[in-house]
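The values are calculated or read from the model by the stated rules, or taken from the named source; none is laboratory data. Since the model is a prediction, treat every value here as computed from it, not as a measurement. Cβ placement follows ideal geometry from the backbone for every residue including glycine, while neighbour counts extend to all protein chains displayed.
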Amino acid sequence: MSECIFCKIISGMIPAQIIFENDNIIAFEDIDPQAPFHVILIPKKHIPSVIDVSDDDLVIMGTMYQVASEIAKKYSLENGFRLVVNCGKDAGQLIQHIHIHMLGRRKLEWPPG
């Protein structure tokens with residue numbers, strides 16, 4: 001997806017502060033952080049949204065949550081963190097490439113918005 005900003009980050013066309021990368025997942029610091037710790041986790045495979053997840057994507061999706069666990073341990077988020085997946089315009093999904101926001105290092109209130 002040549003217009004997708006996340007695909008451009010994956011390809012190296014757009015720089016990012018990458019904190020994790022493997023063959024299938026990349027995680028980087030959000031450029032507009034909403035918490036002291038705000039990281040975006042994305043699959044390297046372009047999947048537009050949760051609605052587009054297929055049976056072929058189940059391992060990738062599970063791996064994203066496993067990576068979130070590894071990041072939480074590495075960055076000492078023992079007091080808690082929040083994982084957010086927006087799906088669609090009304091939910092605030094601005095980039096049509098599935099991604100998880102990982103927020104932490106502050107008290108996160110509920111409801112969020």
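Details
- Qualifying residue in the stretch 56-77 (condition: within 20 Å of L94 (Cβ to Cβ), out of contact with any strand residue (DSSP E or B) (no Cβ under 9 Å at 6 or more places or on another chain) and either β-branched (V, I, T) or part of a helix (DSSP H, G or I) (or both)): no
- Residues within the stretch 63-113 that are among the polar types (S, T, N, Q), under 17 Å from the mean Cα position of the chain (by Cα) and exposed (fewer than 15 other Cβ atoms within 10 Å of the Cβ), tallied: 2
- When F37, F20 are checked against the criterion of being hydrophobic (A, V, I, L, M, F, W, C), modelled with pLDDT of 95 or more and surrounded by 18 or more Cβ atoms within 10 Å (Cβ to Cβ), F37 stands alone in meeting it.
- Selection status of I47, assigned to a helix (DSSP H, G or I), over 27 Å from E109 (Cβ atoms) and of a type outside the set (F, W, Y): no
- Some residue of the stretch 26-42 being of a type in the set (V, I, T), free of Cβ contacts under 8 Å to residues at least 60 places away in the same chain, at negative phi and in contact with a His (Cβ under 7 Å, 6 or more places away or on another chain): yes
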